[in-house]
1. Helices (runs of 4 or more DSSP H) wholly in segment 216-268 with at least 3 residues that are modelled with pLDDT of 95 or more, among the β-branched types (Val, Ile, Thr) and under 17 Å from Met283 (Cα atoms) - which ones?
2. Could you list all residues from segment 178-189 that are near the ligand (Cβ under 9 Å from one of its atoms) and either more than 21 Å from Ser130 (Cα to Cα) or surrounded by fewer than 24 Cβ atoms within 10 Å (Cβ to Cβ) (or both)?
3. Working carefully through the options Glu182, Glu226, Glu176, find the one that is acidic (Asp, Glu) and without any contact (Cβ under 8 Å) to a residue 40 or more places away in the chain.
4. For Glu104, all conditions in the list (1) at pLDDT below 90; (2) surrounded by fewer than 17 Cβ atoms within 10 Å (Cβ to Cβ); (3) of a type in the set (D, E, K, R); (4) within 24 Å of Trp242 (Cβ to Cβ) hold save one; what is the number of the exception?
5. I'm checking my understanding of the structure. Among residues of segment 211-229 that are within 30 Å of Arg298 (Cα to Cα) and surrounded by 21 or more Cβ atoms within 10 Å (Cβ to Cβ), which one is farthest from the ligand (Cβ to nearest atom)?
Amino acid sequence: MGRERESSGRPAEARTSYDHQVLDRLGAHVQAFIRRLVVVFLATADARGEADCSSRAGPPGFVAVLDLPSRRAARHAGGVPPAPAAVHHPVFARVFGRLAAAGERSGLAELRGRVLADTAGRVLEVGAGSGSNFAHYPPAVTQVVAVEPEPYLRGLAEQAARRAPVPVDVVDGVAEALPAGEGEFDTVVSTLVLCSVADQPRALRELHRVLRPGGRLVFWEHVRAERPPLTIVQDALDRTVWPVLCGGCHVGRDTATAITAAGFTMERLERHRLPDTRIPLPMAPHVLGTARRAEPAR
Ligand SMILES: C[S@@+](CC[C@H](N)C(=O)[O-])C[C@H]1O[C@@H](n2cnc3c(N)ncnc32)[C@H](O)[C@@H]1O
């Protein structure tokens with residue numbers, strides 16, 4: 001893993017000046033084309049029983065799978081969009097479930113151990129996926145409430161919870177409307193999730209709400225590059241194929257800045273390139289660290 005630099009509380013990156021409108025128009029065409037392709041693929045997957053989309057509320061089957069956050073936001077332009085009721089990415093979830101296991105064996109497990117060494121007390125983990133973090137919680141953790149909205153991944157997380165060294169309860173829910181009360185948790189954990197939530201500022205406000213004053217957000221996320229040309233590639237991907245193919249993931253989000261904007265005080269921020277290839281991949285810039293919810297002023 002390439003350690004680029006260590007800093008804290010850095011200002012937002014300067015935005016690039018290329019023509020966003022052209023990219024948006026081009027992106028809309030490419031997304032429409034890809035959606036049609038994925039509709040055909042998922043329709044046949046549904047027929048084979050591989051993509052069970054039938055049990056959820058809202059629009060049935062593959063139509064709902066393709067209901068991208070950008071579309072939902074557009075429909076509610078001018079008003080406050082409702083929190084997503086469900087996250088359902090049956091094909092991506094199955095691919096991710098397999099890749100996650102391979103990733104752990106190739107070194108990610110060690111990184112998870114390092115990220116989670118800072119956790120203690122009652123922990124809320126958001127977007128737990130297949131539960132890859134569970135094995136790495138230290139004894140200082142008394143309980144983990146793991147929120148995972150995707151049904152297939154939640155099933156894998158429930159299996160992982162049974163093998164975990166600390167008590168883990170896996171529950172349904174989304175980051176934008178967490179099933180938890182104000183200030184209930186000592187630690188909140190987000191690993192590789194804030195790229196995928198439909199409404200990142202709202203999700204971060206929720207993480208802040210459920211954390212007790214003085215509590216700690218522990219994060220590891222892939223993020224926006226620090227400069228072009230990689231930011232240009234990331235923006236192009238986010239407007240076209242990436243969210244469609246990768247379960248709503250975005251590669252160009254400036255998550256470290258968003259954490260601070262949500263009211264957290266950045267405590268530790270490391271930047272890494274993962275994997276550390278000569279030509280950086282769009283999902284290579286990563287941040288990991290901790291941020292605190294402030295104590296009330298006396
Ligand atoms: C790339 S996976 C990461 C899983 C896990 N945190 C890890 O480190 O391996 C992204 C996860 O975010 C979840 N997710 C997507 N949208 C979400 C939302 N709005 N609220 C909570 N989790 C969400 C997905 O279901 C998926 O489990």
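The values are calculated or read from the model by the stated rules, or taken from the named source; none is laboratory data. Please read these numbers as outputs of a predicted model, since none were measured by experiment. A quick note on method: Cβ atoms are made from the backbone with ideal geometry, for glycine too, and the neighbour counts reach across all protein chains shown.
1. Per the criteria, 230-238.
2. Residue satisfying the conditions is Leu178 alone.
3. One residue alone meets the criteria, Glu182.
4. Result: Glu104 passes all but (2).
5. Here the answer is Gly215.
Conditions (1) over 19 Å from Ala109 (Cα atoms); (2) modelled with pLDDT of 95 or more; (3) of a type in the set (Val, Ile, Thr), marked per residue:
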| site | (1), (2), (3) |
| --- | --- |
| Tyr137 | no, yes, no |
| Val147 | yes, yes, yes |
| Arg154 | yes, yes, no |
| Gln159 | no, yes, no |
| Pro165 | no, yes, no |
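Yes or no, residue by residue, for (1) within 7 Å of the ligand (Cβ to nearest atom); (2) in contact with a Lys or Arg (Cβ under 9 Å, 6 or more places away or on another chain); (3) touching a residue at least 40 places away in the same chain (Cβ under 8 Å):
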| residue | (1), (2), (3) |
| --- | --- |
| Ala128 | yes, yes, yes |
| Pro138 | no, no, no |
| Gln143 | no, yes, no |
| Gly155 | no, no, no |
| Gln159 | no, no, no |
| Pro165 | no, no, no |
| Val171 | no, yes, no |
